[in-house]
1. Given the residues B:Ile369, B:Ile404, which is the only one that is of a type in the set (A, V, I, L, M), closer than 18 Å to A:Glu41 by Cβ and assigned by TED's automatic domain parsing to the domain that holds B:Pro339?
2. Exactly one of these conditions fails for B:Lys424: (1) assigned to a loop (DSSP other than H, G, I, E, B); (2) basic (Lys, Arg); (3) within 14 Å of chain A (Cβ to nearest Cβ). Give me its number.
3. Criterion first (modelled with pLDDT under 95 and assigned to a helix (DSSP H, G or I)) does B:Gly140 satisfy it?
4. Within segment B:85-94, does at least one residue satisfy the condition of being touching a strand residue (DSSP E or B) at 6+ places or on another chain (Cβ under 9 Å), among the small types (Gly, Ala, Ser) and not in a helix (DSSP H, G or I)?
5. So, in segment A:77-100, of the ones that are crowded, with 18+ Cβ neighbours inside 10 Å and not small (Gly, Ala, Ser), which residue ends up farthest from the other protein chains (Cβ to nearest Cβ)?
6. Out of curiosity, is A:Gly107 away from every other protein chain (no Cβ under 14 Å), out of contact with any helix residue (DSSP H, G or I) (no Cβ under 8 Å at 6 or more places or on another chain), free of Cβ contacts under 8 Å to residues at least 24 places away in the same chain and of a type in the set (Gly, Ala, Ser)?
7. Give the number of residues within segment A:9-21 that are within 9 Å of chain B (Cβ to nearest Cβ), outside any helix (DSSP H, G or I) and not aliphatic (A, V, I, L, M).
Amino acid sequence: MIIKQLSVFVQNESGRLMEVTEALHEANVNISALNIAETAEYGVLRMIVDDIEKAVNALKDLSYSIKVTDVLCVEMPDVPGSLNRVLKALLSVDLNVAYMYGYSNDGKAPLILKVVDNERAQIALKEAELE
Amino acid sequence: MYWNEPIETLSRDHMHALQSERLKDTVGRVYQNVEFYRKKMQELGIEPGDIKTIEDIVKLPFTTKKDLRDNYPFGLCSVPKSEFVRIHASSGTTGKPTSVPHTRKDLDTFAECVARAICCTGGTKEDVVQVAYGYGLFTGGLGIHDGATKLGAAVVPISGGNTRNQLTLMQDFETSILACTPSYALFLGEALAEAGVDPKQLNLRIGIFGAEPWSQEMRTKIEESLNVTAYDIYGLSEIMGPGVAISCENQNGLHIAEDHFYPEILDPDTLKPVADGTIGELTFTHLTKEAMPLLRYRTRDLSSITHTPCECGRTSARMSKVCGRSDDMLIIRGVNVFPSQIESVLLEVPEAKPHYLIIVDRQGTMDTIELQVEIDDKYFTDEIADLEKIRKKIKQKIDSVLRIGVIVKLVEHKTIQRSEGKAKRVIDRRHI
């Protein structure tokens, strides 16, 4: 399924991340998944939140650079080989994964991933009976 | 359109005669009234009688900012204090302050020069002039104010800052001319976009910007974001304030009010005059100033001069846009670096905002230069690889212009302080 992900540019300095979570807390936004890609100087915080509009407004008010991106969320079975099947399906349609993050709990393993063509990825995943 | 056609279109011969007459008068006055100049001239073995034409100016002594500090507050004045009607002063952030007194006639000259300048940009009495320069000891606010008043335009004396109010009055009063520093103009343009106001809906048509060096690219950006034609006004408080020179519709240099201020360009090392078109240190001599006339005041601004006729019909000497200051120049690993070079590069990279901060430091014996820039929101991407591409693109461009390696650091939007006056662009942490 295609879902919305919110990304924020954050400087890699102590306290900066908390300023973002503080703003989201004040706006009463719940985060269900997150990932940080970092360099020595800055990072990109990527999040799946329950109310993206509220989150966007709260961060925009504070002048953060933000971006809303369509990403794929694949609910894999929590068994050995699931991720391997996903990547195989994507490779079969020539799709490179830009980044991904996931976890497993309670028999389920949701995976969030970014590719250049969500539709093509979805078709491939359906064929592999993963969507 | 001229404010004072006879003077602004005076033949070069007549200008030469007028300047020679006025220089003789000024030298006579300072020799008689100012001990500092009398002593300096005696040391050089010259008397007022040795000055016969304007060419003799090269015989005269120089004046520097340090001389103004050493003779603070009124040591260089040519008239009794009772003749002063206003005293401007510098803030003294880099040491002792400097003061610049004006007589009634000095202020009349100031207003005359600014009226000429506004007229030169196409301003008339029909205009509404929003003066967003600071009012106070700084000459920007009051200088433009008096000149616009003399022109008969409607002046909005809002001063600098209070950006939201600037935008409101700009719309409500149908401001047609905006006068401020270029960095504040850029900031106002951004604020306008953020407020969702289309600049084409405003009545703005002319921008008169000065008091700090700015690049051609910055001009384009300001003109687009505010929907104005931008003019460059030049001045410095020691000589007068804004209105010493102004660009015209041909945008090929700034017309100097040469009947009041005689310009020279000097080689910064030898202090000898250089040929027309050669960049050097701009130096001014007062020709009519009463309260505190200065001889050959070294501005530290780098510019060049041309005497070729301008299509606008004005016959005055024209100075090129100031391209830097001889004392703002950073020497990093032996290489001369001007902040304006960095600004020009950033304005060519759409992914970067034109606001920047240069941090110079020294690690061991090695100078480092770090450039903090903000990514334009439109280009922000959540993929590090793409952000790094942008960072490297900026770095490559800067490196090739400066010819030294620069650390480029992407920082959060709005972390670089926006200026409401003169922008602070450089932090030098070296302790040498």
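The values are calculated or read from the model by the stated rules, or taken from the named source; none is laboratory data. From a predicted model like this one, the values you see are computed outputs, not experimental measurements. Please note: Cβ atoms are built from the backbone with ideal geometry, for glycine as well, and neighbour counts cover all protein chains shown.
1. Criteria check complete, one pass: B:Ile369.
2. Just one mismatch for B:Lys424, condition (3).
3. The answer is yes for B:Gly140.
4. yes
5. Among them, the one singled out is A:Val86.
6. No; evaluated as a whole, the condition is false for this residue.
7. So the answer is 2.
Here's the yes/no breakdown for (1) of a type outside the set (A, V, I, L, M); (2) under 17 Å from B:Ala211 (Cα atoms):
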site	(1), (2)
B:Ser99	yes, no
B:Val128	no, no
B:Leu151	no, no
B:Ile158	no, no
B:Asn165	yes, no
B:Leu169	no, no
B:Glu174	yes, no
B:Tyr184	yes, yes
